[in-house]
Amino acid sequence: MLTMEPSKGVVLNTMKAEHDKGNLMRWRKKLFRIIENITVEPIVGAYIMPSVLSNLATQNLNLEKACRVNMNYDQEICDALTRRETANYTLEEETIQKMVAHMVAWKTVIQSVFPCLLILFWGSWSDRHHRRKPCILIPIVGEFLATVGLMLCVFFENTPMEAAGLSEAIFPALTGGWFVMLMGVFSYIADITTEEERTLRIGILNVCFSVGVPIGTALSGVLLKKIGFYGVFSISATLYMISLLYGFLILPEPRAKCKPSAEKEKKKSLLADFFDKNHVLETFQVAFKKGANKRRKRVILLMVVVMVVIGPIYGKVTVEQKKNIGRVNAFAVCILQGEMNVMYLFTRYRFNWSEVEYSIFNTFAVVTSLIGVLFCVGILSHKLKLDDALVGVISSTSKILSGFVYAFATVSWHMYVGAVVEIFNGTSFIAMRSMATKLVSKDELGKVNSLFGVAEALMPVVYAPMYSTLYAITLKVFPGAFFVLGGAITILAVIIFLWMYNFQRQQLRQCSDSSQQTDKTLSAINGNSNENNNTIEVIAFVSEVKGGLNGAVHSVFQDGVERGLANKAFEPDIMNSNKIEHNTYL
């Protein structure tokens, strides 16, 4: 019987179909696994977008209040300034900008001092009770109340600019703001992941920030023009509420990994347990204790880098993202905090930009920074294995150069050139965070990161008033002077990164020399061991041969004895031989 064999084309098509089906199944499994592992990411996305979305509206509300209420200018003047028709009202524009700049200075102090104190207590309380959700959700409540307060300021038209500033500052400050929220987010991620998974999960959080920032920035100016203050603040409040509901109803609390300590089991009131100063003192002691390889010095220098370069705690969120969020008073970014407090005012004064034009620039800067981060992390760090300190040098240098481009910009497109020059600035956070994880042990990371959070919270108290005051003083002479100041301060970060890179190189050389010396010692030991093994083998062989000969001689004498007993003529000789039997053995 003839059988029809399938053609090669049919076989190949079948194999291809099975291969495609296998790939599809693998992708489905990966997708399901990603969905199952989603925890805090929606909260971060629903928190970052309203912060970005409402920032531009908040700044314009402050300008409106300063013009119409505080200065009591005519409606015609304020309407013209709102439309950016400032040709005939230059003096009025300068006056209200100076007023807003001074208000930003004291508002930033409020938003920095309280979180600076609270973050130490929040971190210690969260570790003792192993509860992360309150650290994540309570700051969202503060942002929601701040948004409601701003809506009330819009409704009551005669409220002054200071009322809007207090509403924006006091509620987030008393609930910890971004500092406590991000501390809770990254602590939560550390609780539910292994060390192998942690980098991926932090990267996903970074994506949430990266996507949320340009979307919110791009929509902020457009929505403000289309639906006004009420519309923008209502959308922000709704997103905050969605984030809260998700956290309360869906987000699980990570399980405790250890039994509660005896100290925890002691009955204390809620406030006494929360504001326990002993745990705060322990945090400082652990962070600044002496250790090998200049541990304390490196920790302190790294905190200085935090002070002059970067914003929030844990994370794996980039500096550039925080900068372009514009929610400068909620983010503790020292130099960037100061710059972004007045950057919108700078572009409005120098280039007569509207909200939409500023939103477009901000979106471009965020996307450019994201590209720079992907290049530095994917190519320089992952592929080329570039040292973290060198990545920090590249990032800080990018920041310094861009500061001069911004400062001396004379036309609008110069700002976009500055954003391109600043493309690598976002990697400062990644370099600092990576180096921090290598300086301390795992059980000390939380305490050290708490101190980093304190440094981040304190810096706006210094830098925001400095930048706002400098901008107000140099507005007519050189309005971009604050960019030059930022570049000059960042030089300190470059010096520290270079020192740490040189120290790392010295450590690697010492380790390499020690490794070579160890290899030589092991080789010598192995050589002696081989010689000893050969000697032992020879002795064993000789002993084995000797034992064999003794056995053979013994057998011969036994045979002789038996034959002698059968032959009486030889009995005396045989008996004598038997007596000396043992003496004849080898």
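The values are calculated or read from the model by the stated rules, or taken from the named source; none is laboratory data. It should be emphasised that the depicted structure is a prediction, and the values quoted were computed from it without experimental measurement. Glycine gets a Cβ as well: all are built from the backbone with ideal geometry, and neighbour counts include every protein chain shown.
Summary of values
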{"read-out": "Meets criteria (in the same structural domain as Gly453 (by TED's automatic domain parsing) and at pLDDT below 85) for Leu182", "value": "yes"}
{"read-out": "Given (1) in contact (Cβ under 8 Å) with a residue 60 or more places away in the chain; (2) surrounded by fewer than 18 Cβ atoms within 10 Å (Cβ to Cβ), index of the condition Thr95 fails", "value": "(1)"}
{"read-out": "Selection status of Ala80, surrounded by fewer than 22 Cβ atoms within 10 Å (Cβ to Cβ), modelled with pLDDT of 80 or more and not aromatic (Phe, Trp, Tyr)", "value": "yes"}
{"read-out": "Residues being modelled with pLDDT under 90, buried (at least 19 other Cβ atoms within 10 Å of the Cβ) and of a type in the set (S, T, N, Q) - total across the stretch 211-269", "value": "2"}
{"read-out": "Conditions (1) outside any helix (DSSP H, G or I); (2) crowded, with 22+ Cβ neighbours inside 10 Å; (3) at pLDDT 80 or above; number of the one not met by Ala332", "value": "(3)"}
{"read-out": "Residue check for Ala66: within 21 Å of Phe209 (Cα to Cα) and part of a helix (DSSP H, G or I)", "value": "no"}
